[in-house]
Amino acid sequence: MAAFDNASLLLERSFAKGDALAAFDNIALVNFKDDGYANYLAQQFPDKRFSGLTYNFADYHSILNKQPNLAAFCSHQFEFEQPFDCVVIYFPKSKPEFEYLINNLFNHVSLDSPIYVVGDNKGGVKSSDKLMAKFCTKAQKIDAAKHCALYLALLNQASEPFEPQNWYKSYPLTIKDVTLSVYTLPGVFSHGSLDDGTKLLLESLKRPAKGQVLDFGCGAGLIGAFLAKQNPEVAVTGLDVSALAVESTLTTYRENGIKGHAVLSDGLSQLNGRFQQVYTNPPFHTGVKTNYAITEQFVADIGQYLQKSGELWLVANSFLKYQPLLQQQFGHFDIVSANKRFNVYYGCKTN
């Protein structure tokens, strides 16, 4: 149990008290962690059907084909024929994503089904009762420990048929005489507005991209869209761990007349081919927690996906110590632009 996330430990403590899942047959585990608890729960109840629903490809992969009674689903939109009679939700990283999630989910849940919501106290779980009020009886806190809380409500109203297009925020972007429209779903980085780091990166580019281009951690696809608008001859690929981000990227490309594609991937695991340039404003959070491992692994591995003389353009908060990693992989790199918050790094593959 020690390896489980604190939220999972709280769930297990509450479920073990009175065997809370015993009366149910078709249970949804939503936005679950990749800590092994979903697999453990399926092992404990081999006669029940569990479905792991997530937007995160890494979490999806952690349960894929692991237990015969645990199915894995990773998509921006959930579609199921048989309704769930119990739902367990890990509160996501933002309130808008939680609202998107429950509207996406609750028309696939039987009325009067229990809805468990668990999460870190600093992550917004305390607002779950208000956010679910339209669909559920008032959520009651039933347990708390390790800076986490667990709420329980009963579903008394299903959501309307879910239409992802109704949840997009769009905004115009003009940089260096390039104008485009950016489309973001809730939970996607820079939802509804351009972040300062990406803005500095795009303003720092000295020449248009060319050849095969990768936008790593593409979010809403605005870096790739900007590069394709500068030079329509580039072949742009977006890559992200989030199904919400991949769908946002595809929408941004489509709405701006860009012929690009996007890949759902844990790091670089699903990537094929080599690229002339790679551009990224890489993530350094997992949920509400700081996590440098994603970018560290990316920098260590990206060289094998670069063509000869291939380039890396990376923007990061200036307090993040990525210089030694870049030095190790590229031998020489430059800080081409900087302000009080961000550095833009440039490296070129030499072998």
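Details
- Taking the conditions (1) at pLDDT 95 or above; (2) in contact with a strand residue (DSSP E or B) (Cβ under 6 Å, 6 or more places away or on another chain); (3) of a type outside the set (G, A, S) in turn, T137 satisfies each one other than (1).
- Subset of the stretch 210-233 that is of a type in the set (D, E, K, R) and over 19 Å from S170 (Cα atoms) - its residue that is surrounded by the fewest Cβ atoms within 10 Å (Cβ to Cβ): E233
- Among residues of the stretch 116-159, those that are under 22 Å from the mean Cα position of the chain (by Cα) and open to solvent by 60 Å² or more (accessible area, probe 1.4 Å), counted: 2
- Considering the stretch 160-183, and only residues there that are assigned to a loop (DSSP other than H, G, I, E, B) and closer than 19 Å to A243 by Cβ, the residue that is least open to solvent (accessible area, probe 1.4 Å) turns out to be F162.
- Residue count, the stretch 317-330 (criterion: open to solvent by less than 40 Å² (accessible area, probe 1.4 Å) and over 23 Å from K199 (Cβ atoms)): 1
- Number of positions in the stretch 94-115 that are in a strand (DSSP E or B) and crowded, with 20+ Cβ neighbours inside 10 Å: 2
- Taking residues in the stretch 195-220 that are more than 19 Å from F298 (Cβ to Cβ) and in contact (Cβ under 8 Å) with a residue 60 or more places away in the chain, and partners anywhere that are among the aliphatic types (A, V, I, L, M) and outside any strand (DSSP E or B), the pairs with Cβ atoms closer than 9 Å and at least 6 places apart or on different chains are L205/L227; K210/V234; G211/V234.
- Of F91, F73, all but one fail to be open to solvent by 70 Å² or more (accessible area, probe 1.4 Å) and modelled with pLDDT of 95 or more; the exception is F73.
- Failed item in (1) over 16 Å from the mean Cα position of the chain (by Cα); (2) within 22 Å of C136 (Cβ to Cβ), with G52 passing the rest: (1)
Residues checked against (1) at pLDDT below 95; (2) closer than 20 Å to F32 by Cα:
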{"position": "A144", "(1), (2)": "no, yes"}
{"position": "S170", "(1), (2)": "no, no"}
{"position": "K176", "(1), (2)": "yes, no"}
{"position": "S181", "(1), (2)": "no, no"}
{"position": "G192", "(1), (2)": "yes, no"}
{"position": "K206", "(1), (2)": "yes, no"}
{"position": "K210", "(1), (2)": "yes, no"}
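- Unique residue being in a helix (DSSP H, G or I) and either of a type outside the set (D, E) or touching a Leu at 6+ places or on another chain (Cβ under 9 Å) (or both) when the list is Q297, Q270, Q276: Q297
- Some residue of the stretch 129-139 being touching a helix residue (DSSP H, G or I) at 6+ places or on another chain (Cβ under 8 Å), of a type outside the set (A, V, I, L, M, F, W, C) and part of a helix (DSSP H, G or I): no
- Matching residues, the stretch 247-267, being under 16 Å from S181 (Cβ atoms), in contact (Cβ under 8 Å) with a residue 12 or more places away in the chain, open to solvent by 20 Å² or more (accessible area, probe 1.4 Å) and outside any loop (DSSP other than H, G, I, E, B): E247, L250, E255
- For the stretch 32-60, the candidate set comprises residues that are in a strand (DSSP E or B) and not β-branched (V, I, T); within that set, the residue that is farthest from D266 (Cα to Cα) is R49.
- Hits in the stretch 16-31 - residues which are among the hydrophobic types (A, V, I, L, M, F, W, C) and either under 19 Å from the mean Cα position of the chain (by Cα) or not in a loop (DSSP other than H, G, I, E, B) (or both): A16, I27, A28, L29, V30
- Any hit, the stretch 324-343, residues being assigned to a loop (DSSP other than H, G, I, E, B) and either within 22 Å of the chain's Cα centre (by Cα) or at pLDDT below 85 (or both): yes
- Residue in the stretch 76-88 that is farthest from Q157 (Cα to Cα), counting only those that are open to solvent by less than 30 Å² (accessible area, probe 1.4 Å) and modelled with pLDDT of 95 or more: V88
The values are calculated or read from the model by the stated rules, or taken from the named source; none is laboratory data. Note that this is a predicted model, so its numbers are computed, not measured. Note that each Cβ is placed from the backbone with ideal geometry, even for glycine, and that neighbours are counted across all protein chains shown. When the accessible area is computed, the model is the full protein with side chains, heavy atoms only, and any ligands, DNA or RNA have been set aside. Shrake-Rupley method; radii C 1.70, N 1.55, O 1.52, S 1.80 Å.
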